[in-house]
Each structure stands twice: as structure tokens, then as C-alpha cells.
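Encoded as C-alpha cells, the structure appears first; notes follow it.
The values are calculated or read from the model by the stated rules, or taken from the named source; none is laboratory data. None of the values given here were measured: they were computed from a predicted structure. Cβ coordinates were reconstructed from backbone atoms using ideal geometry, including for glycine residues, and neighbour counts include every protein chain displayed.
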Amino acid sequence: MNLASYINLCKPKIVLLLTITALVGMLLSINFYSNILDGLASLLGFALLAGASAALNQIFDRETDKNMNRTKTRPLASGEISLFSALTFTAILLFVGSSLLLYFSNLLTLLITTFGFIFYSLIYTIYLKWSTPQNIVIGGAAGALPPVIGWTISTGTIAIEPIILFLIIFFWTPSHFWALSLYKSGDYKKAKIPMLPIISGIEKTKLNILIYAVIMIPIVAAPYFFNFGSMFYLLTSSVMTFYYVYLCYGLFKTKNIKKSNILARKIFIYSIFYLFFLFVLILFDNIIRII
């Protein structure tokens, strides 16, 4: 048994980022600190379900992944893991993760997490991904749910704070993935996935990346105006966001294909750190507030 292959089947980097955003949503509520062990057990359950969703995505995409340089080394595409083993492993993750959430958390959390699981691993992977160039926009709703899930773990309710965190991830997703699709457009074209650069062209994709980056300005500022982000958060996040817009504007103005690909890759990488540090800032603010 190659443990690394099973871990890679779960897309660990993505699951880690999702789990961090769920943790921030969970820690925003002071309720978490009255029952920390239940909260952490619930978070583990969420992480296992996120891993199961990622694994199921690879199961359905195993043939497509063989045709893309970015994905051809994935465990199923490369033959490191058999289909039966992948299905068995996914079923175990699904059972254990659901059991942890149901036992240590609440029904609302399990329902929202299950919805996200179904939406990403089935509706997005099987239908949306192949049917519309807006697949990333619509499918991004599943990836934006973790802060809401984290909040419901602690409170059993939904409030404005996790909704704002949901919106931050939701509006971040298109520019993040369309930047990737620009410099990997050959892969997507070969796999016949209707990403925006292929269907609508490079220039329209650049414009959409810039528009979604600009939308981030008020969305990212919202935690300050709803009293769960400090002035330090507002200033720091604003600098990070304006730099993001600056990069996306530079991409929009660049006509040279080689330079565009280099800048698109830079935007993709920066966007990951950008989202991570936004949530770290929010988490830092709220831990300081509680202390």
C-alpha cells in the first residue's frame, strides 16, 4: 500500500486550504471555546469528507486526467491505485467523516457538508464542468461553503459573518481558476473541457479575471464594516487586494502570449497565498478579540 498515493487522491493541498477556511469560520464564534474537542472532531470529519469529495472527483475524471499534463500523474490516471481501491478508500472516508460530523456536531452541519460534497463531486464534476464555461463560477459555491460549515459546527446556526466569508471565496474563485486556465489552455482544449479561454477567447477571459478581482475590493473590506475585522485587517487586506487587481490589470493589458502566460501563472500562485493570508488575518483579529 502506497500511503502517499492515497493522500494525493484526496488533493491534500486543496483540502488543507478548505479546512483552514472552515477553521476560521468555526473560531469566529465564541461557542467553539466551550467545547473544543467536539469542534476539532467535527473539523476532522469535515476534512475527511472534503478528501472523499476530491477522491470521487478524481475517480470520475480518471480518463480525462490522462490527457492533461497537469493531472496525468494523479494516482488513478497514472495507475498507482486501482479503481476498486480508490472506491473503497473513498467510501471509508465518507463513512468516517459523516459519522464524526453527525456525532460530534449537528444535523445542519452534516446537511450543508453533504450538499457541498454532492454539488462538487457529482453535479460539478459530471455535469457543470463539461456543459458551460461558467463552470468555475457556479461550481465555486461548493468550495466557498467551508467557513459556513465551520460556523455551524460551533453554533448550529447561520449568520452574516460566515456568509461574508462565503462571498470572499466565491468571488475569489473565478479569477483564481481562469488564470490557471489561461496558461494551461492547451491541456483543457485537449481534454475538451469548455473553459472560458477556449469558448470565449483569451481577451474576454482576461477581462473577466480583472472584473472579479475588482469585485473583491468591497467584499474583502466587509469584515471590517461588520465588526469582525480590525483596522489592521482592513489596511492589510486592502493592500493585498489592490496588488491583486494590479496584477490582473497588467494581465488584461498584456498582448504578448508568453508574457500573458507568465503573468497568469503569477496571479494563480499569488491568489492562493492571498486567500490564505486573508483568512489568517481574520482569524488573528478574532483570537485577539477573544483574548
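Within region 115-132, being assigned to a helix (DSSP H, G or I), surrounded by 15 or more Cβ atoms within 10 Å (Cβ to Cβ) and of a type in the set (S, T, Y) holds for Y120, S121, Y124, T125. Among the residues of region 91-111, the ones that are closer than 19 Å to A55 by Cα and surrounded by fewer than 20 Cβ atoms within 10 Å (Cβ to Cβ) come to 6 in all. For region 26-41, enumerate the residues that are small (G, A, S), in a helix (DSSP H, G or I) and at pLDDT below 95. Listed by number, the residues that qualify are S34, G39.
Looking at (1) over 19 Å from the mean Cα position of the chain (by Cα); (2) more than 30 Å from E161 (Cβ to Cβ); (3) crowded, with 19+ Cβ neighbours inside 10 Å; (4) not acidic (D, E), which one does L182 not meet, given that it meets all the others? So L182 meets the others, but not (1). Regarding F119, is this residue closer than 18 Å to S53 by Cβ, assigned by TED's automatic domain parsing to the domain that holds F268 and under 19 Å from the mean Cα position of the chain (by Cα)? Considered against the rule, which asks whether it is closer than 18 Å to S53 by Cβ, assigned by TED's automatic domain parsing to the domain that holds F268 and under 19 Å from the mean Cα position of the chain (by Cα), F119 comes out as no. Are any of the residues in region 7-21 under 21 Å from R289 (Cα atoms) and not assigned by TED's automatic domain parsing to the domain that holds I288? Checked region 7-21: at least one residue is under 21 Å from R289 (Cα atoms) and not assigned by TED's automatic domain parsing to the domain that holds I288. Residues that are in contact with a Leu (Cβ under 7 Å, 6 or more places away or on another chain), within 20 Å of L167 (Cα to Cα) and touching a residue at least 60 places away in the same chain (Cβ under 8 Å): does region 214-227 have at least one? No: zero hits. Looking across region 133-163, the residues that are farther than 22 Å from I219 by Cβ and either of a type in the set (D, E) or part of a helix (DSSP H, G or I) (or both) come down to I153, S154, T155. The residues of region 233-258 that are assigned to a helix (DSSP H, G or I) and modelled with pLDDT under 95, listed by number, are I257, K258. The combined condition, being assigned to a helix (DSSP H, G or I), within 26 Å of D187 (Cα to Cα), at pLDDT 90 or above and not basic (K, R), is fulfilled by A50. If you go through region 232-257 and keep only what is over 19 Å from F276 (Cα atoms) and either of a type outside the set (S, T, Y) or touching a strand residue (DSSP E or B) at 6+ places or on another chain (Cβ under 9 Å) (or both), you end up with G250, L251, F252, K253, K255, N256, I257. Among residues of region 76-90 that are over 18 Å from S53 (Cβ atoms), those with a Cβ under 7 angstrom from a residue that is part of a helix (DSSP H, G or I) and among the small types (G, A, S), sequence gap 6+ or separate chain, pair up as E80/S5.
When residues in region 91-113 are screened for being touching a residue at least 40 places away in the same chain (Cβ under 8 Å) and either β-branched (V, I, T) or under 15 Å from C10 (Cβ atoms) (or both), 7 of them pass.
Any residue at all in region 48-58 that's over 18 Å from F95 (Cβ atoms), in contact with a Lys or Arg (Cβ under 7 Å, 6 or more places away or on another chain), in the same structural domain as V148 (by TED's automatic domain parsing) and buried (at least 19 other Cβ atoms within 10 Å of the Cβ)? Yes, region 48-58 contains a residue that is over 18 Å from F95 (Cβ atoms), in contact with a Lys or Arg (Cβ under 7 Å, 6 or more places away or on another chain), in the same structural domain as V148 (by TED's automatic domain parsing) and buried (at least 19 other Cβ atoms within 10 Å of the Cβ). When region 242-253 is filtered for residues that are buried (at least 18 other Cβ atoms within 10 Å of the Cβ) and of a type in the set (S, T, Y), only Y244 remains.
Residue-by-condition table, conditions (1) closer than 23 Å to L18 by Cβ; (2) charged (D, E, K, R); (3) exposed (fewer than 12 other Cβ atoms within 10 Å of the Cβ):
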site: S230; (1), (2), (3): no, no, no
site: M240; (1), (2), (3): yes, no, no
site: L283; (1), (2), (3): yes, no, no
site: I288; (1), (2), (3): no, no, yes
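So for region 47-65 (the condition being of a type in the set (G, A, S) and out of contact with any helix residue (DSSP H, G or I) (no Cβ under 8 Å at 6 or more places or on another chain)), does at least one residue qualify? The answer is no; no qualifying residue exists.
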